[in-house]
1. Helix-derived [θ] at 222 nm for the chain: sum -39500 (n - 2.57) over DSSP H runs of at least 4, divide by residue count, nearest 500?
2. Using only alpha carbons, build the gyration tensor for the stretch 17-104 and give me the equivalent ellipsoid semi-axes, biggest first, whole Å.
3. Considering lysine pairs in the stretch 17-104 that are 8 or more places apart or on different chains, how many have Cα atoms under 20 Å apart?
4. Which of S122, F69, L13 sits farthest toward the positive end of the charge dipole of the chain, with +1 on the Cβ of Lys and Arg and -1 on the Cβ of Asp and Glu?
5. Could you work out how much longer the chain between D84 and S122 gets when fully extended? Use 0.36 nm per residue separation minus the Cα distance between them, nm to one decimal.
6. So between K105 and T36, what do we pick up on full extension, going 0.36 nm a residue minus the alpha carbon distance?
7. Could you give the size of the charge dipole of the chain about its Cα centre, using +1 on the Cβ of each K and R and -1 on the Cβ of each D and E, expressed in debye and rounded to the nearest 20?
8. Between N224 and K113, what is the FRET efficiency for a Förster distance of 41 Å, r being their Cβ-Cβ separation, to the nearest 0.05?
Amino acid sequence: MIRGIFLDIDNTLISSIEAYKFALEKISKKWKAKCTFEINFLQSFEMCKSEIKKNLPNVPTNRNRILVFKLMRDLGLLSVSVKDLLELEEDYFSFFQEHIVYQLKIYKESYQKLFDLLKKLSRDKKIVLISNESLRTQLLKLSWFFPENIPYILITSEEVGIEKPSPIIFQKALQITQLQSREVVMLGDSLGDDVLGAIQTGIQAYWIENIFGEENVIEQKIGNQIIKKFSNLNFALETLLEISNYT
């Protein structure tokens, strides 16, 4: 019997990739005059982000955007004050929020269906959101789009100290919910982080190809595992709800 649903957030519930690109494009235009190097803002940002991840491998704090902005300043790629660094971070989240609001508007009916499904499932199942991000970042995102009337537990890699696909973060979720791995299904867009990470912890996993779109599911063999790959999240949640109604 399924008693818990573990969900990834970024690119499973919302398109963070698109929001991320939008935010950086807006910032690059606003702060273009502060660039002091031959390469542009976007190139500088990606270069510094890669450097931070290299210096802080598998450390969840390497995702903090302000670290990237500070390194850009330290390397002389941006001519900004310390106060500007804080404003840059504020701009990033402001533009990120703008795009999330846009997504909710464009896919209004699909999101309404998504939230209705989660609300129904939450009546007798624990909803756990598991993310490889900082706690503050995910709290902000959830405050922008996730309904308050759907109960959930949030677990971030920053709190646990390690990222998916480490089994530690999934074990933490099982510990908090007091559920057994056989009672849980993980849904996520990342094959490596979400799906294979959950499977190595004994948790069944659904691979989510898109947030919305066609309703289709295929079984795909990855190594020794047969994995269900759903074309969209709502269809996967509908499947879980149907299974629940017959168990």
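1. After summing the helix terms and dividing by the residues of the chain, the value is -15000 deg cm²/dmol.
2. Over the Cα atoms of the stretch 17-104, the semi-axes work out to 20, 17, 12 Å.
3. Taking the Cα cut-off of 20 Å, the pair count is 27.
4. Of the options given, the answer is F69.
5. So the extension gain works out to 9.4 nm.
6. Working: separation 69, 0.36 × 69 = 24.84 nm, distance 3.76 nm.
Stretched out fully, the K105 to T36 stretch lengthens by 21.1 nm.
7. 280
8. 0.75
Values in this text are rule-based calculations from the coordinates and carry no lab data. Just so we're clear, the structure is a prediction, and the values are computed from it rather than from any experiment. Don't worry about glycine lacking a Cβ; one is built from the backbone with ideal geometry, like all the others, and counts go over all protein chains shown.
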